[in-house]
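The values are calculated or read from the model by the stated rules, or taken from the named source; none is laboratory data. Here the structure is a predicted model, which is why all the values come from computation and not from measurement. Heads up, the Cβs are rebuilt from the backbone with ideal geometry, glycines too, and the neighbour counts pull from every protein chain shown. Each accessible area value is taken on the protein alone, full model and side chains, heavy atoms only, with ligands, DNA and RNA left out. Shrake-Rupley method; radii C 1.70, N 1.55, O 1.52, S 1.80 Å.
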Amino acid sequence: MGKYEGDPVWDDVVPIPQDDGEGALAAIAYTDEYAEAMGYLRAVMAAKEYSPRVLDLTEHIISMNAAHYTVWLYRASTLLALNSSIPVELEWVNNVALDNQKNYQIWHHRQILIDHLYDSMSSDPAALKSLAESEVAFMTEMFNEDSKNYHVWSYRQWVVRKLDLFDKGEIECIETLLRQDVRNNSAWSHRFFVVFSNPKYCTPGSKATEYDPKIPGEILDREIEFAKAATFEAPQNQSPWNYLRGVLKKGGRKLSSLECFAGEFVKIPEVGEEDIKSSHALDFLADVWAQKGENEKADKALTLLGDKYDRIRKNYWDWRRTSLK
Amino acid sequence: MALVSGPGRAGALPDELQLAVEAHVKYIQSLDTRRDELEYWLTEHLRLNGLYWGVTALHLLNRPDALPRTETIDFVLSCQAENGGFGAAPGHDAHLLSTVSGIQILAMVDGYEELEKRGKVVAFEGKEYKGKEVVGRYLSGLQNKETGTFAGDEWGEEDTRFLYAGLNGLNLLGLLDLVNVDLAVDYIVSCANFDGGYGVSPGAESHSGQIFTCLAALSIAKRIDTVDKDKLGQWLSERQVEQGGLNGRPEKLEDVCYSWWVASSMTMIGRLHWIDGKKLTEFILRCQDPVGGGFADRPGDMVDVFHTCFGVAGLSLLEFEGLEEVDAV
Ligand SMILES: [Zn+2]
């Protein structure tokens with residue numbers, strides 16, 4: 001006898017068996033436990049039942065298979081219909097998320113919960129602050145498992161916008177993660193988002209790829225110094241090099257303003273062997289020199305990249321050479 | 001189509017790298033017979049997507065008849081829900097992604113006529129529709145009229161993946177005019193990042209899979225002109241690692257599915273020649289199980305139908321001999 005079949009709580013429900021579409025009922029080892037629970041879920045969904053036992057049932061199914069989106073959706077509607085405690089649900093969701101790193105349905109479920117909670121406390125700054133703290137604490141726990149989890153990072157951006165977390169605390173969180181792993185591209189990307197979407201000083205709606213005249217100079221300087229320090233730590237790490245280009249673009253500054261700095265990683269003497277500590281620095285300088293019309297130097301840099309320091313992309317570097325005027 | 005992985009493992013190829021066509025065909029044919037495995041049922045929510053991956057791989061392998069056409073169409077139609085969309089399996093709620101998989105399969109096996117004959121009749125705003133029109137109206141109903149994005153289902157989870165799926169489905173049905181394409185394009189443009197890539201939403205990290213969906217959507221909308229091709233092309237070409245495969249983001253491991261997303265993205269912006277095609281071909285071939293069939297994400301891992309589809313598609317893009325030409329979108 002199955003878990004539900006013998007349970008008086010479920011006495012009134014006739015489970016709807018799986019129909020596999022080709023007529024034959026699945027007389028299969030769908031493991032009995034999962035099959036039975038899904039049968040009961042189909043029945044309560046068909047009857048549009050929203051009750052505490054549905055919460056138990058969906059929790060049980062999710063413990064066996066967290067990737068089935070229908071189960072999550074039905075659980076969310078049940079929670080809202082019952083006006084259940086969101087904090088209690090969040091605590092449970094935390095554990096499910098920690099056990100299911102790759103699952104994304106959970107994060108959508110979480111958004112529904114936070115949206116709901118936010119509406120109930122939007123006039124209470126203290127409550128909002130503690131909500132923000134607990135969300136950040138939970139994400140830190142997730143990042144301890146995988147600091148590049150894409151679902152968590154997209155969720156984090158949603159939270160930053162929702163709870164207005166464009167503050168020093170958020171930047172410090174990112175710096176902690178970058179101290180642990182300076183190659184964490186997700187953290188770099190998030191930093192760019194936080195710094196250059198901050199409603200306190202950014203032009204509303206300014207795109208990530210365009211110049212924003214409203215960014216204060218000291219913010220630009222701070223970001224440039226931060227990225228520079230990271231390149232000294234790991235010269236071959238492409239994230240801070242991309243970041244630097246992004247900051248210069250945002251600030252409307254010239255690439256050549258960092259020529260000296262990039263030159264620290266690249267020594268090309270008139271005679272003898274060159275000394276290249278970073279192919280990204282060489283690439284950066286090639287662009288600087290091309291912009292300044294120093295095509296011979298740029299061509300030499302691009303040739304070195306294609307022939308020696310980044311051979312797998314030789315065709316790309318060759319194309320760059322041909323586009324030198 | 002089941003998403004169960006294995007039983008084979010990728011790797012151990014003879015010196016001469018060859019594509020084990022027969023083994024792959026047999027592997028795909030065998031997938032739906034594995035109903036005695038738990039994983040078959042745990043992946044039920046992806047059944048229709050899985051069938052699409054299998055059918056695509058067979059078409060590219062020049063073996064479109066390896067799965068029976070009538071049964072394939074029957075299965076797809078049995079997944080249609082009352083609201084006109086398709087669920088992942090019979091009795092499941094409709095979802096944007098499974099609906100698009102359904103359309104893609106019907107398009108590939110020439111099954112629209114059956115959809116017209118046997119598809120659900122559904123009323124939208126008081127008027128009854130049938131066939132393609134029903135599916136198109138289900139899809140267009142998922143577009144957010146303010147932002148241009150698409151929701152995956154009635155709950156409104158939105159991202160660029162859904163946007164692409166929505167446009168792709170409608171385009172295949174020839175019903176693109178049911179939605180606001182310009183608004184959708186604006187949304188994608190707002191997802192462009194400082195490094196040249198695109199993320200799942202504005203400000204989200206660049207990611208090869210999301211770049212593919214953005215470019216494919218822009219291709220359908222005929223607005224590839226909005227892309228900074230050289231900058232994006234450089235970012236994409238940097239995804240190639242020493243082993244020849246491509247990764248999804250900086251500092252991540254290479255993977256057959258990302259190899260497809262990156263390579264097809266580069267094709268859409270005309271920059272595929274910037275990477276080393278020979279090395280990529282060799283990497284993909286090393287990911288197949290030459291005896292049991294199927295591809296894995298990387299050599300040594302379990303094969304599955306998802307990576308089998310993208311492995312074959314990647315090879316086709318690289319013009320590997322004997323394969324049907326793939327459409328990058
Ligand atoms: Zn993969």
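The figures follow:
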| quantity | calculated |
| --- | --- |
| Among the candidates A:243, A:211, residue that is out of contact with any Asp or Glu (no Cβ under 7 Å at 6 or more places or on another chain), surrounded by fewer than 21 Cβ atoms within 10 Å (Cβ to Cβ) and among the hydroxyl-bearing types (Ser, Thr, Tyr) | A:211 |
| Hey, residue A:232 assigned to a helix (DSSP H, G or I) and out of contact with any Lys or Arg (no Cβ under 9 Å at 6 or more places or on another chain) or not | yes |
| Residues satisfying the stated conditions in the range A:36-54, i.e. over 21 Å from residue A:89 (Cβ atoms) and open to solvent by less than 40 Å² (accessible area, probe 1.4 Å) | A:36, A:38, A:39, A:43 |
| Residues within the range A:185-207 that are in a loop (DSSP other than H, G, I, E, B) and either in contact with a strand residue (DSSP E or B) (Cβ under 7 Å, 6 or more places away or on another chain) or surrounded by 22 or more Cβ atoms within 10 Å (Cβ to Cβ) (or both), tallied | 1 |
| Among (1) more than 12 Å from chain B (Cβ to nearest Cβ); (2) open to solvent by 20 Å² or more (accessible area, probe 1.4 Å), the one test that residue A:79 misses | (2) |
| Residue list for the range A:146-156, restricted to those being buried (at least 17 other Cβ atoms within 10 Å of the Cβ) and either touching a residue at least 40 places away in the same chain (Cβ under 8 Å) or more than 16 Å from residue A:113 (Cα to Cα) (or both) | A:147, A:148, A:149, A:150, A:151, A:152, A:153, A:154, A:155 |
| Residue that is under 17 Å from residue A:230 (Cβ atoms) and surrounded by fewer than 19 Cβ atoms within 10 Å (Cβ to Cβ), where the choices are A:292, A:277, A:267 | A:277 |
| Verdict on residue A:42 being in contact (Cβ under 8 Å) with a residue 40 or more places away in the chain and over 26 Å from the mean Cα position of the chain (by Cα) | no |
| Pick from the range B:286-301, criterion under 20 Å from the mean Cα position of the chain (by Cα) and not small (Gly, Ala, Ser), ranking: nearest to the other protein chains (Cβ to nearest Cβ) | B:297 |
| Residues (more than 10 Å from the ligand (Cβ to nearest atom) and open to solvent by 20 Å² or more (accessible area, probe 1.4 Å)) located in the range B:278-314 | B:278, B:279, B:281, B:282, B:286, B:290, B:291, B:292, B:299, B:300, B:302 |
| Which listed residue, of B:269, B:275, is touching a strand residue (DSSP E or B) at 6+ places or on another chain (Cβ under 9 Å), away from the ligand (no atom under 15 Å from the Cβ) and within 14 Å of another protein chain (Cβ to nearest Cβ) | B:275 |
| Unmet criterion (only one of (1) open to solvent by 10 Å² or more (accessible area, probe 1.4 Å); (2) touching a helix residue (DSSP H, G or I) at 6+ places or on another chain (Cβ under 9 Å)) for residue B:183 | (2) |
| Number of the condition not met by residue B:263 [criteria: (1) of a type in the set (A, V, I, L, M); (2) more than 22 Å from residue B:237 (Cβ to Cβ); (3) more than 10 Å from the ligand (Cβ to nearest atom)] | (2) |
| Search result, residues across the range B:211-257 that are open to solvent by 10 Å² or more (accessible area, probe 1.4 Å), part of a loop (DSSP other than H, G, I, E, B), within 11 Å of chain A (Cβ to nearest Cβ) and without any contact (Cβ under 8 Å) to a residue 40 or more places away in the chain | B:228, B:238, B:241, B:242, B:251, B:252 |
| Residue in the range A:182-201 that is β-branched (Val, Ile, Thr), more than 8 Å from every other protein chain (Cβ to nearest Cβ) and over 30 Å from residue A:118 (Cα atoms) present | yes |
| Members of the range B:233-256 that are hydrophobic (A, V, I, L, M, F, W, C) and within 21 Å of the chain's Cα centre (by Cα) | B:236, B:246, B:253, B:256 |
